[in-house]
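Please read the structure below before turning to the comments.
The values are calculated or read from the model by the stated rules, or taken from the named source; none is laboratory data. Note that this is a predicted model, so its numbers are computed, not measured. FYI the Cβ positions are ideal-geometry reconstructions off the backbone, even for glycines, and counts take in every protein chain you see.
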């Protein structure tokens, strides 16, 4: 079946799809399968889809969209699972703004119930010119594979206690500071659910190259995929000539997106030059600092996030013997501290 798409989700960007696609009624129910579906219903909140350029557009009842099968485990969003079987006519749910589709099993009241998506079929691609026999499309097709191991580039890890703890804001402030200091900076999103928004923000703040786990063929990371994706990201960025990487770990250090696996991997940790912890409150600061040390042997170099929004939180962090610099109020000081760590790691 040949069909015209109204919206093309950013999760499919590896495939460079056009508006017209050919569908197979048979769907392979595995993560990353690219499917087309019809939106059912209207929503006033969480009602947008991010396209392959990072632009958000509103979804409406009847829109034909293309996304990919996957799961999601978001405390402040949707919990969704990969269906065990999918057929044309089935109803799934749109689990995030980037186009991940699956079965929603619970949701945060703040985002409301998710859009229902009527499955129309799996997109076919035609990699061989002139061959009319299509192949089922997956986001793993044309994904980055990583480069041979080379000398590690210094990595600034930006981790948080939870989603919406100020990680991307801190990462962007650090990218700007490092870029202005003369470094070629790579921006990375290591874990989470597919969405370009954060790495595009990094690009806006001066990152010379940006890569996330979807570029490595992953719809939503977990303990089984996060480490391999992070290795691809680091080696690809290093091969592109950056001399420092600012790497945000999506979700929290106790979430279900594989952050623990990344921070437990010695090959990835040896790239580390600095650890920035973003937290929402004093309890998060204490718990985050303690957990990173006890679980991974990692010391926090500086605390940022909402816990440092004013002097009340800053005094508390400093009482623990740690520096506290807010990415909104004190981006220069935050940048200078991390810059010194990076220079030390490079022997500059």
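Below are the figures for this structure:
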item	result
Some residue of the stretch 153-171 being more than 27 Å from residue 281 (Cα to Cα) and either touching a residue at least 12 places away in the same chain (Cβ under 8 Å) or in a helix (DSSP H, G or I) (or both)	yes
Those residues of the stretch 315-333 which are assigned to a helix (DSSP H, G or I) and within 28 Å of residue 258 (Cβ to Cβ), in sequence order	317
Within the stretch 157-183, tally of residues that are modelled with pLDDT of 95 or more, within 21 Å of residue 307 (Cα to Cα) and surrounded by fewer than 24 Cβ atoms within 10 Å (Cβ to Cβ)	2
Among (1) at positive phi; (2) in contact with a helix residue (DSSP H, G or I) (Cβ under 8 Å, 6 or more places away or on another chain) - the single one residue 321 does not satisfy	(2)
Selection count where residues are part of a strand (DSSP E or B) and either within 19 Å of residue 2 (Cα to Cα) or modelled with pLDDT under 95 (or both), scope the stretch 84-105	1
Selection status of residue 312, within 27 Å of residue 71 (Cβ to Cβ) and either part of a helix (DSSP H, G or I) or outside the structural domain of residue 165 (by TED's automatic domain parsing) (or both)	no
Pair list, Cβ under 8 Å, 6 or more apart: the stretch 205-233 residue modelled with pLDDT under 95, other residue in a helix (DSSP H, G or I)	none
Pairs where the first residue, in the stretch 282-299, is more than 20 Å from residue 325 (Cα to Cα) and the second is not in a loop (DSSP other than H, G, I, E, B), C-beta under 8 Å, 6+ apart	295/260; 295/263; 295/264; 296/260; 296/263; 296/264; 296/269
Only listed residue being under 26 Å from residue 82 (Cβ atoms) and either assigned by TED's automatic domain parsing to the domain that holds residue 54 or surrounded by fewer than 24 Cβ atoms within 10 Å (Cβ to Cβ) (or both), chosen from 208, 198	198
Residue within the stretch 106-115 that is within 17 Å of the chain's Cα centre (by Cα), within 21 Å of residue 251 (Cβ to Cβ) and part of a strand (DSSP E or B) present	no
Total residues in the stretch 1-32, condition assigned to a strand (DSSP E or B), under 21 Å from residue 87 (Cβ atoms) and without any contact (Cβ under 8 Å) to a residue 60 or more places away in the chain	1
Within the stretch 85-135, tally of residues that are surrounded by 22 or more Cβ atoms within 10 Å (Cβ to Cβ), without any contact (Cβ under 8 Å) to a residue 60 or more places away in the chain and over 15 Å from residue 41 (Cα atoms)	2
Complete set of residues in the stretch 50-77 that are part of a strand (DSSP E or B), modelled with pLDDT of 95 or more and over 14 Å from residue 214 (Cβ atoms)	56, 57, 58, 64, 65, 66
Residue within the stretch 117-133 that is in contact with a strand residue (DSSP E or B) (Cβ under 6 Å, 6 or more places away or on another chain) and part of a loop (DSSP other than H, G, I, E, B) present	no
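Here's the yes/no breakdown for (1) surrounded by fewer than 18 Cβ atoms within 10 Å (Cβ to Cβ); (2) within 23 Å of the chain's Cα centre (by Cα); (3) closer than 13 Å to residue 166 by Cβ:
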| residue | (1), (2), (3) |
| --- | --- |
| 289 | no, yes, no |
| 297 | yes, no, no |
| 302 | no, yes, yes |
| 310 | yes, no, no |
| 313 | no, no, yes |
| 316 | no, no, no |
| 328 | yes, yes, yes |
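Let's see how each residue does on (1) in the same structural domain as residue 110 (by TED's automatic domain parsing); (2) buried (at least 19 other Cβ atoms within 10 Å of the Cβ); (3) under 21 Å from residue 133 (Cβ atoms):
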position	(1), (2), (3)
15	yes, yes, yes
20	yes, no, yes
26	yes, no, yes
33	yes, yes, yes
38	yes, no, no
42	yes, no, no
48	yes, no, no
53	yes, no, no
